[in-house]
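All remarks here apply to the structure that follows.
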Amino acid sequence: MEVPEPLREEIPRVERPLALLVCRDTGGRRWGPRWLERAGLEGIVAPPGREALRAIELRDPGVVIFDSASRAGGRGRDKIYQACTARDVPILAICATEKQIQHALESGVADVMRRPIDWRIASHRARRLARSHLSMRELVEARSALDRAISLAAQASLDRERQINIDRLTRLPNGRAFRRLVDRTLAAPSGPRGTVGLFLVDLDRFGAINANYGREAGDAVLARIGSRLSECVTGGDLFALGRRRARTAAVARLENDRFGLMVGGALATEELAEIARKVLERISARVEVDGVAVYPSASLGVARWPGEGRSAEELLRHSETALLDAKRRGGGLFSFYRRSLDELAGQKLELDTQLRRSFERGELFLRYQPLLEVKSGRVVGAEALLRWDHPERGEIAPLDFIPVAEETGLMVSIGGWVLETACRQLRSWIDAGHPPMRMAVNLSLCQLRRGDLPQTVAKVLRDAGIEAGLLELELSERGVLRQDADSIGQLRALKALGVRLSLDDFGTGDSVIAHLRRLPIDSLKIDRSFVVGASENEQDAAIAAAITAMAHRLDIAVIAEGVESDEELGRLRDWGCDEYQGFICSPPAAPEAFASLLNGTSPGSPRQLEGETRPTPDETGREL
Ligand code: C2E
Ligand code: CA
Ligand code: CA
């Protein structure tokens, strides 16, 4: 069969494999290389024997064409065959006799041709062999390069794994590893057996250590705490009481100055508490930083499995709630998670969200309770009281939502709105022909702390066209007495505007009459509890009378709150109280009801409405 001559152009020279022709016969040696070259091979020729062996060794041919006509029989031929086999070099044997063919096949040569041969075919076959040899070698090399790469990658991923699970500073497992460990412990097929206590440890005032001694010192303290905690786990005396019961324990640095500790086993709550105490004790031991003694302190929150979380995530969240509770209580102590902690936080958040929404939608409103003069029974003013009509829960008492709004700061905006609304209401009563009277508005401490209250008040008065002397701002005794010089300054600034100031809830806090002198107040409101108490014991009555006398000497008016009965009213009169408010006249009322009250009572007797209008408790604050 005719084999087409290979096209030289098609084969790039650089890729030309080397073919070694082992041949004694001069014709073959003359023509061989030419034919090989035409087949795209680099041809070299060597006579059988040492020269051929050297060529195999040094030139590393891709194929050896062994011409048996060279009569290199026996050991010489076998040596060449062996040299080729050792290097995986394919042999194309050219044989003259049946015996030679037999021998070649038995020797495992790659291909055999019988003489007389067509050199074109021979070189073509040689090229095939050389190319496949080359491909095979490339494959082997690629394979081993791949193996090397795989093993490098495996090593790198092992390092990375170690890196992402270990905290560099303390060499403890990090948060990620800790979470996985806790989850694995909880998911163990046999279950963790007993209890798992998840302790969250957070250093107190760690920022101060950093600020006072520098970051490096801070790091040194953290490393020290880390090793103290891991000593706790790896023996030591931590589990002295529960060692026989604590089966698993692990410690980790979760972030910054926060560590996690997991202890599992048949541990009662009392034993977990004992461990918490020991951990805090261990941590608070002295640490030397650059020759300076530092005494770290930490707070600790504990959540327990089962019952307080089904995963690391949940347990950590709950132990954080407990930790915050420990911090709130002053730090340096531990706290167990209680559902009530979460419920409280959740309820507050929910309430704040709803309150914000209601406030934006204008669902808050004011009620006004009349303020009467004891002597004449005349209405001399009104106290604005905030109301929230919750879309689902109905009316919510101010004391149930104001403290939350104070915590979140929302009360600053709401308080501003109350001030504006009350002043506008007063304006509209005056415009309707009622004689001017006082408007009392309650203030929250957060409004005072803002610092811009005097400006806000001045603007509100200006906008509503209300004389400053008609506005009375009420501040709870408990808040004011604890106030610093700054707040007292604010009160003075308000006073300078001409606004009246009143001390609310007098008698509920640590009433210190001596303090009254320091406060720029115009009146004090005696709390209802005092009014009630005085009816039950003579002592309270005597104190109330003394307070009134003392206040009058300081030029402070006295107002009694929550007066419900004639008997109570009579008593106030005896004490010398100036004004009063209470259900005896009216509960806090809607503006229209208040206006009709003004029509009916001013300037006449307040008792006119008594009886018919006194509300039942749940009507309080609603319709008159
Ligand atoms: P407060 O300033 O001491 O207000 C007097 C409270 O006594 C009002 O409760 C009023 O409804 C109630 N009261 C009036 N007369 C009687 C009575 O004869 N008997 C009884 N048992 N109670 C009477 P309210 O409206 O529930 O307000 C509670 C507290 O919420 C207020 O106490 C005040 O501290 C606060 N508050 C109300 N509105 C505001 C406001 O706009 N801003 C601020 N910061 N606090 C407010
Ligand atoms: Ca008040
Ligand atoms: Ca009060």
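No value in this document is a laboratory result; all are computed from the given coordinates. Not measured: the values here are computed from a predicted model. Positions of Cβ are generated from backbone atoms using ideal geometry, with glycine treated the same way; all protein chains shown enter the neighbour counts.
Odds and ends about this structure:
- Inverse of mean 1/r across different Cα pairs in the chain, Kirkwood, Å: 34.1 Å
- Dimensions of segment 331-380 along the principal axes, based on C-alpha atoms and rounded to the nearest Å, stand at 59, 33, 17, largest first.
- Centre-to-centre separation between the Cα atoms of segment 562-599 and those of segment 40-54: 128 Å.
- Based on every Cα atom in segment 338-409, Rg and the maximum pairwise Cα distance Dmax equal 16.4, 55 Å.
- Unit charges at the beta carbon, dipole of the chain: most positive-side option, ILE65, GLY330, GLY264: ILE65
- Distance between modelled label sites at GLU57 and ARG286, nm, 7 Å Cα→Cβ extension: 7.9 nm
- Projected label distance in nm at GLN539 and THR97, using a 7 Å step from Cα toward the beta-carbon: 14.0 nm
- Net length gained if the chain between ARG393 and ARG34 were fully extended (0.36 nm per residue, minus Cα distance): 118.8 nm
- Using just its DSSP H runs of length 4 or more, each adding -39500 (n - 2.57), the chain gives a mean residue ellipticity at 222 nm of -15500 deg cm²/dmol after division by all residues.
- For the pair segment 177-221 and segment 338-401, the centres of their Cα atoms are 42 angstrom apart.
- Projecting the Cα atoms of SER319, VAL221, LEU364 onto the charge dipole of segment 221-376, computed from C-beta unit charges around the Cα centre, puts SER319 farthest toward the positive end.
- For segment 250-306: span of alpha carbons on each principal axis (Å, largest first): 44, 23, 16
- Folded to 0 to 90 degrees: helix 538-553 orientation relative to the chain principal axis, Cα: 90 degrees
- Among ARG30, ARG449, the ranking by other beta carbons within 10 Å of each residue's beta carbon, starting with the fewest, stands as ARG30, ARG449.
- log10 of Debye I(q)/I(0), alpha-carbon scatterers only, for segment 108-190 at 0.14, 0.16, 0.23 Å⁻¹: -0.74, -0.83, -1.06
- Alpha carbon convex hull of segment 21-114, volume per residue in cubic angstrom: 85 Å³
- Among the listed pairs LYS79/LYS99; LYS348/LYS459; LYS375/LYS459; LYS327/LYS348; LYS348/LYS495, those beyond 23 Å (Cα-Cα): LYS348/LYS459; LYS375/LYS459; LYS348/LYS495
- Charged side chains reduced to their Cβ positions (Lys and Arg at +1, Asp and Glu at -1) give segment 364-465 a dipole of some 420 debye around its Cα centre.
- Once the Cβ-Cβ distance of ARG128 and LEU152 is raised to the sixth power relative to R0 = 30 Å, the FRET efficiency obtained is 0.25.
- Estimated dipole of segment 344-392 in Debye, rounded to 20 [Cβ of Lys and Arg +1, of Asp and Glu -1, Cα centre]: 200 debye
- Exposure proxy ranking, count of Cβ atoms within 10 Å, fewest first, for HIS103, HIS318: HIS103, HIS318
- For segment 254-371, the spread of Cα positions along the three principal axes, ordered from largest to smallest, is 65, 40, 30 Å.
- Per the Debye calculation on segment 129-172 with a single equal scatterer at every Cα and no solvent contribution, log₁₀ I(q)/I(0) for q = 0.18, 0.27, 0.31 Å⁻¹ amounts to -0.64, -0.86, -0.95.
- The chain, dipole about Cα centre (Lys/Arg Cβ +1, Asp/Glu Cβ -1), debye to the nearest 20: 5620 debye
- Whole-number D in µm² s⁻¹ for segment 293-355, Kirkwood Cα-pair radius fed into Stokes-Einstein, 4 °C, 1.567 mPa s: 103 µm²/s
- Fully extended contour minus Cα-Cα distance, from SER144 to LYS348, at 0.36 nm per residue: 66.9 nm
- Taking the fewest neighbouring Cβ atoms within 10 Å as the starting point, the ordered list for GLU407, GLU538 is GLU538, GLU407.
- Dipole orientation for the chain: of the candidates SER132, MET113, THR85, MET113 has the Cα lying most toward the positive pole (charges on Cβ; Lys, Arg +1; Asp, Glu -1).
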